[in-house]
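Visitor: First, the structure itself, so that you have it in front of you.
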Amino acid sequence: MLKWIENPYLHEEILTFIVICVYFIFRIGATEIVKKVARINESLEHRTKLVIKYINILLALLTIFSIIIIWGVKREQIFLFISSIFAVVGVASFAQWSILSNITAGIILFFSYPFKIGDKIKILDKDFPLEGEIEDIKAFYIMLKTHNEERITYPNNLLMQKGILIIKHTFEDKEFTD
């Protein structure tokens, strides 16, 4: 009857269960916080889902890392494995730094939210000034439509580096759905 108490891995199993429960609690809490920020800033649904996805990936990685430690894998082995992966990925993607900077800028734009779709903006670049209406805001770039009906994609990381003049600010009251 008390055979389950004799389980040599009971402590690890209980801690694993607790970590998984905490993961789901944090995941739900983080999702609600991001949705609340999105409602306050009248954010777009697809941008909100993108930020939630990034947070969920980070939480999943932290959960996996915690479970690996609970089950007794030595920290030195974990750090050696992770540093080896980062070295390979770092060398392989050195030229792809702009992707990471665009994603980071997209997240910053999501939380600071200085402009919205439908706003007419002017990018204050001395070499190539742009003026247009924002048609869409993606993870990597924004889509602008000029007065000549030209469509221009402008990278988020450059958007963070240049001054932006909001010429016309629009507001559309929409219900947020999940």
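The values are calculated or read from the model by the stated rules, or taken from the named source; none is laboratory data. Predicted model only: the values in this text are computed from it and were never measured. Ideal geometry is used to build each Cβ from the backbone, glycine not excepted, and the neighbour counts take in all protein chains shown. The protein model used for the area step is the full one, side chains on, heavy atoms only, and it has no ligands, DNA or RNA in it. Shrake-Rupley method; radii C 1.70, N 1.55, O 1.52, S 1.80 Å.
Visitor: Mind listing the phi-derived Karplus ³J(HN,Hα) values for the stretch 151-161, rounded to whole Hz, using 6.51, -1.76 and 1.60 with θ = phi - 60°, and x for any glycine or proline?
Guide: So the Karplus estimates, Gly and Pro as x, are 10, 10, 9, 10, x, 4, 5, 6, 4, 6, 8 Hz.
Visitor: Okay, next question. Tell me which residues come under 5 Å, amide H to amide H, from residue 119 once H is placed; ignore anything under 5 positions away on its chain.
Guide: The list, which skips near neighbours in sequence, is 134, 170.
Visitor: How much of the accessible area of the stretch 1-89, probe 1.4 Å, is carbon plus sulfur, in whole percent?
Guide: The computed percentage sits at 75.
Visitor: Just to verify a number: FRET efficiency for residue 127 and residue 57, C-beta to C-beta distance, R0 = 45 Å, to 0.05?
Guide: Efficiency, from the Cβ-Cβ distance: 0.75.
Visitor: Still on this model: What does a probe at residue 70 reach in the stretch 15-43, counting residues whose amide N is under 13 Å from the point 7 Å along Cα→Cβ?
Guide: Under 13 Å, as judged by backbone N against the label point of residue 70, lie 15-25 of the stretch 15-43.
Visitor: Also, quick follow-up: Taking the chain as a Gaussian network, Cα atoms linked when under 10 Å apart, which of 55, 166, 85 shows the biggest mean-square fluctuation?
Guide: Top of the fluctuation ranking is 85.
Visitor: Can you give the FRET efficiency for residue 83 and residue 153, using 1/(1 + (r/R0)^6), R0 = 35 Å, r = Cβ-Cβ distance, to the nearest 0.05?
Guide: On the way: r = 36 Å, r/R0 = 1.02.
Calculated transfer efficiency: 0.45.
Visitor: When ligands, DNA and RNA are left out and all protein chains stay put, how many square angstrom of accessible area per residue does the chain have with a 1.4 Å probe? If you can, show how the numbers build up before the last one.
Guide: Numbers: 12430 Å² over 178 residues.
Accessible area per residue: 70 Å².
Visitor: Also, quick follow-up: Please list the non-local residues whose amide H lies under 5 Å from the amide H of residue 125, H modeled 1.01 Å from N, same-chain partners needing a gap of 5 or more.
Guide: 130
Visitor: Helix 45-70 versus the longest principal axis of the chain: what angle, 0 to 90°, nearest 10, using Cα atoms?
Guide: That helix lies at roughly 20 degrees to the long axis.
Visitor: Calculated from the structure, Kirkwood radius over Cα pairs in Å equals which of [x] 16.7; [y] 17.4; [z] 19.7?
Guide: Evaluating Kirkwood radius over Cα pairs in Å on these atoms matches [z].
Visitor: Using only Cα atoms, tell me the angle between helix 97-112 and the longest principal axis of the chain; keep it within 0 to 90° and round to the nearest 10.
Guide: Roughly 80 degrees, rounded to the nearest 10.
Visitor: Take peptides 134-141, 62-69 and line them up by average Cβ neighbours within 10 Å, highest first, as a rough protection proxy.
Guide: Taking the mean over residues of other Cβ atoms within 10 Å, the ranking is 134-141, 62-69.
Visitor: Roughly how tilted is helix 75-92, in degrees to the nearest 10 and between 0 and 90, from the longest Cα axis of the chain?
Guide: 30
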